[in-house]
C-alpha cells in the first residue's frame, strides 16, 4: 500500500500508476448502460489498488488538492446523513450533467441513494464507537445484497462497498472499500465524501481525525477521458 502526505501528491502518483501500469480492457457496460462496441468506453485499469492519505482533517485543503466538486459534494453529504428518507433529493441537480441520466423514467427517482443506505446505520456506528472505541465493527455498509444481488447486470448497483472506522493511536481512521472507481468522473469526489464522513463521525465521537485508507477492486479511466484527465 502506498502512503501519501497529501491528496495532491496522491492524485499525481495514482494517475501515473494508471497510465504506466494500467491494462486496457473493455468492460462492456457502464453502470446499467450497454457499451459493448463503443471504443470510448475502453479503459485503462488497475486491479486491487490500495493507498492511504495521511491526516485528512483539513477538508478545505483536501477539496482544493483534489480539485473536486465541493459545492455538489457538500450538498450530497448533507442528504446522505439526513434522518429523512431522500430519493432523489436536490443535491444531484448541482451535478445534473452526471446524474440526470440515471433517474428512473416515469418515477423521477434513482435506483438507490446513499441516504437510503446510510441514514439508519450511522447512528449505530457512532454509538458503537462511543461505547467501544477500539471496536472493529464500526461499519457503514453501502452495498445491500438483498437488493443489489438482484440488480447485477440489469440495473445500477453501488460502486462503494463499505466504510469502516478504526480508532487507533488516539485517532479515528477510515477504510473505504470500492468495487469500482472512475478516476476522472468520481474518484476525487469519492475521496472527499469519505473524508468528510470521517470528520463528521470523529466530531460526533469527540475523537481526533486520523488517516484515510482506500481499497479499489477496479480503478480505471475511460478512453473518452484519457486526454483530459488532470491531477
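Screening the candidates 127, 119, 136 for the property of being more than 15 Å from the chain's Cα centre (by Cα), surrounded by fewer than 14 Cβ atoms within 10 Å (Cβ to Cβ), closer than 19 Å to residue 198 by Cα and touching a residue at least 24 places away in the same chain (Cβ under 8 Å) yields one hit, 136.
In segment 39-58, of all residues being assigned to a helix (DSSP H, G or I) and surrounded by fewer than 18 Cβ atoms within 10 Å (Cβ to Cβ), the one that is farthest from the chain's Cα centre (by Cα) corresponds to 39. Evaluating residue 27 against the criteria (1) in a loop (DSSP other than H, G, I, E, B); (2) at pLDDT 95 or above; (3) surrounded by 15 or more Cβ atoms within 10 Å (Cβ to Cβ) leaves one unmet condition, (2).
Reported count of residues in segment 89-107, each being modelled with pLDDT of 95 or more and out of contact with any helix residue (DSSP H, G or I) (no Cβ under 9 Å at 6 or more places or on another chain), is 2. Scanning segment 83-103 for residues that are free of Cβ contacts under 8 Å to residues at least 40 places away in the same chain and surrounded by 14 or more Cβ atoms within 10 Å (Cβ to Cβ) gives 86, 87, 88, 89, 91, 92, 94, 95, 99, 103. Against the numbered list (1) closer than 21 Å to residue 4 by Cβ; (2) outside any helix (DSSP H, G or I); (3) at pLDDT 95 or above, residue 231 comes up short only at (3).
Report, by residue number, each residue of segment 115-153 that is within 12 Å of residue 201 (Cα to Cα) and part of a helix (DSSP H, G or I). If the condition is that a residue be within 12 Å of residue 201 (Cα to Cα) and part of a helix (DSSP H, G or I), then 122, 123, 124, 125, 126, 127, 128, 129, 130 are the ones that fit.
Among the residues of segment 1-23, write down those that are under 17 Å from residue 48 (Cβ atoms), touching a helix residue (DSSP H, G or I) at 6+ places or on another chain (Cβ under 8 Å) and in a strand (DSSP E or B). The answer is 2, and nothing else.
Taking the criterion of being in contact with a strand residue (DSSP E or B) (Cβ under 6 Å, 6 or more places away or on another chain) and part of a strand (DSSP E or B), would at least one residue in segment 180-192 satisfy it? Scanning segment 180-192 turns up at least one residue that is in contact with a strand residue (DSSP E or B) (Cβ under 6 Å, 6 or more places away or on another chain) and part of a strand (DSSP E or B).
The values are calculated or read from the model by the stated rules, or taken from the named source; none is laboratory data. Treat the numbers as computed from the prediction; the structure is a model and nothing was measured. Please note: Cβ atoms are built from the backbone with ideal geometry, for glycine as well, and neighbour counts cover all protein chains shown.
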